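The structure under discussion appears below in the form of C-alpha cells.
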Amino acid sequence: MDIVAKHLTIRGRVQGVGYRHYIAYKARQFQITGWVRNRADGSVEAIVAGAPDAVNAMLERARRGPPAATVTAFEVADSDETFERFETLPTV
C-alpha cells in the first residue's frame, strides 16, 4: 500500500479551541499516523501519514478545524517521515 506523508502548519485561532484534540480524533478515524503539537508562535504543526485517500480526507478536515477554530493560513509540504501511531506532542 502506498503511504504519503504531509507536514502541516496551521495558523489562526487554533490554540485553546480543541484543535489538537480534533486532529488526533480525526487521525484515529482515518487511520492516520504522525503527530500534532502547538508552537510557541500560536500556530499548530502536524505530520499526517497514511493512505493517499485518508491523508486527503485528513487535510480537508484540518483545513477547517473544529467549530471554535478559525484557520487563516494552511501550509502543506511533503514529508518522508513515517510513524507507528498518532501522538499529541508537547508545545515547542
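The values are calculated or read from the model by the stated rules, or taken from the named source; none is laboratory data. The shown structure was predicted, so the numbers you read here are calculated from the model rather than taken from an experiment. Positions of Cβ are backbone-derived with ideal geometry, glycine not excepted, and every protein chain shown enters the neighbour counts.
May I ask you to list the residues in segment 5-53 that are under 9 Å from the mean Cα position of the chain (by Cα) and among the polar types (S, T, N, Q)?
Thr9
Select from segment 78-92 the residues that are acidic (Asp, Glu) and assigned to a loop (DSSP other than H, G, I, E, B) and write down the one among them that is modelled with the lowest pLDDT. Walk me through how you get there before you give the answer.
Start the filter on segment 78-92 by keeping residues that are acidic (Asp, Glu), which leaves 78, 80-81, 84, 87.
Still in the list and also assigned to a loop (DSSP other than H, G, I, E, B): 80-81, 84.
Details: Asp80: 92, Glu81: 88, Glu84: 93.
Restricting to residues being acidic (Asp, Glu) and assigned to a loop (DSSP other than H, G, I, E, B), the top hit is Glu81.
Filter segment 1-58 down to residues that are among the β-branched types (Val, Ile, Thr) and assigned to a helix (DSSP H, G or I) and give me whichever is farthest from Ala69 (Cα to Cα).
Ranking the candidates gives Val55 first.
Which one of these is aliphatic (A, V, I, L, M), surrounded by 11 or more Cβ atoms within 10 Å (Cβ to Cβ) and over 14 Å from Arg11 (Cβ atoms): Ala49, Ala77, Ala69, Ala62? Quick ask: steps written out before the conclusion?
Values: Ala77 fails: surrounded by 11 or more Cβ atoms within 10 Å (Cβ to Cβ); Ala69 fails: over 14 Å from Arg11 (Cβ atoms); Ala62 fails: over 14 Å from Arg11 (Cβ atoms).
Step by step, each of Ala49, Ala77, Ala69, Ala62 is checked, and only Ala49 is aliphatic (A, V, I, L, M), surrounded by 11 or more Cβ atoms within 10 Å (Cβ to Cβ) and over 14 Å from Arg11 (Cβ atoms).
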